[in-house]
Amino acid sequence: MFKTASMLAMAFLGVNGAALAAGNAELGQAKAEVCAACHGPDGNSIALPAPADPWPKLAGQLPEYVIKQVHDFKSGRRKNEQMSPQAQAVAEADLADIAAYFARQKMKANEVSDKELLARGEQIFLKGKGRPQVVPACIGCHGRSGEGNRDWGKLMSRIPTVLAPAIGGQHANYLEKQLKAYRDGSRANDEARVMRDIAARLSDTDIAAVAEYAATRGN
């Protein structure tokens, strides 16, 4: 039964079994050199101030999530002026190795920049938000330290299965931009509208607070 549920979950995600096969991190290091210009040689990209389009950190990211996002950029399900064309150049044979390399790297957490905002973000991240705009706690999917749901297939065997990425230590402005993109619908590659529904119940201040808190976590 578990095997069947896991297969259904993979099908729901639109990620084939071959893509989810464990990659070779050693081989991935050389293959990931082309990614280093934006994402950093160890997956820790530099922080770009507004209004620049922030480059996300890939260090410590779930390999399944990296693979899915590249597939989504390739198919047009997710769009970005820089990544959409770059994704087309990534060979399927190299993708799992690149994802494995970045998954092995250590995410470097960010310094606290706004303590008041951090406290509000901690509340939402750990306990959620009450009525009238109820929001579940972020730790339910992303983990207490924002490490992501590495056992997503085991823990969430009933469709819709959500592949929750690592967000702890990510740049706050990148997280903020993605949450706002989910809220306005310009990013719509979340399964079962999970993130779009959650983001729709977050104010600008809520989003900034959650992003600030997640950015200071480590995985």
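The values are calculated or read from the model by the stated rules, or taken from the named source; none is laboratory data. This one's a predicted model, so the numbers in the text were calculated from it and none came from an experiment. Using ideal geometry, Cβ is built from the backbone for each residue, glycine included, and neighbour counts are taken over all protein chains shown.
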Task: Exclusive hit being under 21 Å from residue 60 (Cβ atoms), in contact with a helix residue (DSSP H, G or I) (Cβ under 9 Å, 6 or more places away or on another chain) and either modelled with pLDDT of 95 or more or of a type outside the set (Phe, Trp, Tyr) (or both), set 218, 185, 146 - done: 146
TODO: Go through the stretch 188-214 and count every residue that is out of contact with any Leu (no Cβ under 9 Å at 6 or more places or on another chain) and either part of a loop (DSSP other than H, G, I, E, B) or not assigned by TED's automatic domain parsing to the domain that holds residue 125 (or both).
DONE: 6
Open item on the list: Looking at the stretch 109-132 only, could you name the residues that are closer than 20 Å to residue 166 by Cβ, among the charged types (D, E, K, R) and surrounded by 13 or more Cβ atoms within 10 Å (Cβ to Cβ)?
Closed with: 122
